[in-house]
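The values are calculated or read from the model by the stated rules, or taken from the named source; none is laboratory data. Here the structure is a predicted model, which is why all the values come from computation and not from measurement. Glycine gets a Cβ as well: all are built from the backbone with ideal geometry, and neighbour counts include every protein chain shown. These accessible areas exclude ligands, DNA and RNA; they are computed on the full protein's heavy atoms, side chains included. Shrake-Rupley method; radii C 1.70, N 1.55, O 1.52, S 1.80 Å.
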Amino acid sequence: MAHFAELNDSNVVLRVITIADSDADTEANGIAKCKSVLGADTNWKQTSYNTANNVHKLGGTPFRKNYAAKGDTYNSDIDGFVPPKPYTSWQLNTTTGNWDAPVALPDTNVANGGSVWHEWDETNQRWNELE
């Protein structure tokens, strides 16, 4: 199955749909199918269910940085889908298509293999341990 994200005029994802691979042997053909069924005035970009952080989870070639989700934005400068910015201080990582905190997540965090959860403190620009 092929996945396509419908975009509004600001390139924000409105929805993601699945269509048959036979209707999307190319992105252009998939877009044409989406438009024929859902309206010629709609705007579509293909997205990959298997891509996150610009890594293909099955070892293939990553496609458009991240799998699109409702509320994400298609960024044409990096040809990728980007989630909403979580905090004002965070900066877009143009390689992964995600946002980086100004301070790295501690190694002790569960996401880094540790045993402690942390949350971002925007006011003090630091990670705080959760109890």
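Remark: relative contact order (the chain) = 16 percent; criterion is Cα-Cα distance under 8 angstrom and separation of 6 or more residues. The residues of the chain have, on average, 60 Å² of accessible surface per residue, using a 1.4 Å probe with all protein chains present.
Largest GNM mean-square fluctuation among Asn98, Asn11, Asn112, using the chain with Cα springs under 10 Å: Asn112. Taking amide H as placed 1.01 Å from N in the peptide plane, the amide H of Gly80 sits under 5 Å from that of Asn75, each at least 5 places away or on another chain. Between Ala52, Ala24, Ala111, the residue with the greatest mean-square fluctuation in the GNM of the chain (Cα pairs under 10 Å linked by springs) is Ala111.
Projected label points at Arg126 and Ala101, each 7 Å from Cα along the beta carbon direction, are separated by 1.2 nanometres. Placing +1 on the Cβ of every Lys and Arg and -1 on the Cβ of every Asp and Glu, with no other charges, gives the stretch 11-127 a dipole of roughly 200 debye about its Cα centre. In straight-distance terms, cross-link reach from Lys85 covers every one of the aspartates and glutamates whose alpha-carbon lies under 14 Å from its own, apart from those fewer than eight places away in the same chain; here that gives Asp72, Asp100, Glu122. Excluding same-chain residues fewer than 8 positions from Lys57, which lysines have a Cα within less than 17 Å of its Cα? Qualifying lysines at Cα under 17 Å: Lys65.
Taking 0.36 nm per residue of sequence separation and subtracting the Cα-Cα distance, how much length would be gained by fully extending the chain between Thr42 and His56, in nm to one decimal? Let's see the in-between values first.
Working: separation 14, 0.36 × 14 = 5.04 nm, distance 2.77 nm.
Roughly 2.3 nm would be gained on extension.
Expressed to the nearest 5 percent, the antiparallel share of DSSP beta bridges inside the chain is 95 percent.
With +1 on each Lys and Arg Cβ and -1 on each Asp and Glu Cβ, and nothing else charged, work out how big the dipole of the stretch 62-131 is about its Cα centre, in Debye to the nearest 20.
Using Cβ point charges on Lys, Arg, Asp and Glu, the stretch 62-131 gives about 320 debye.
Relative to 2.2 N^0.38 Å, what does the C-alpha radius of gyration of the stretch 34-77 come to as a ratio? Two decimals please. Could you put the intermediate results ahead of the total?
Working: Rg = 12.3 Å, N = 44, 2.2 N^0.38 = 9.3 Å.
Compactness ratio reported: 1.33.
With a 1.4 Å probe rolled over the protein heavy atoms of all chains, the accessible area of Lys33, Lys45, Lys70 falls in the order Lys70, Lys33, Lys45, largest first.
Projecting the Cα atoms of Pro84, Ala40, Thr51 onto the charge dipole of the chain (Cβ charges, centred on the Cα centre) puts Ala40 farthest toward the positive pole.
Excluding same-chain neighbours fewer than eight residues apart, the aspartates and glutamates reachable from Lys70 by a Cα-Cα span under 20 Å are Glu6, Asp9, Glu27, Asp41, Asp79. Could you state, as a whole-number percent, how many of the C-alpha pairs of the stretch 21-113 are farther apart than 20 Å? For the stretch 21-113, the fraction of Cα-Cα distances above 20 Å is 48 percent.
Counting only protein heavy atoms and a 1.4 Å probe, tell me what percentage of the chain's accessible area is made up of carbon and sulfur.
Details: 3810 of 7820 Å².
Roughly 49 percent, rounded to a whole number.
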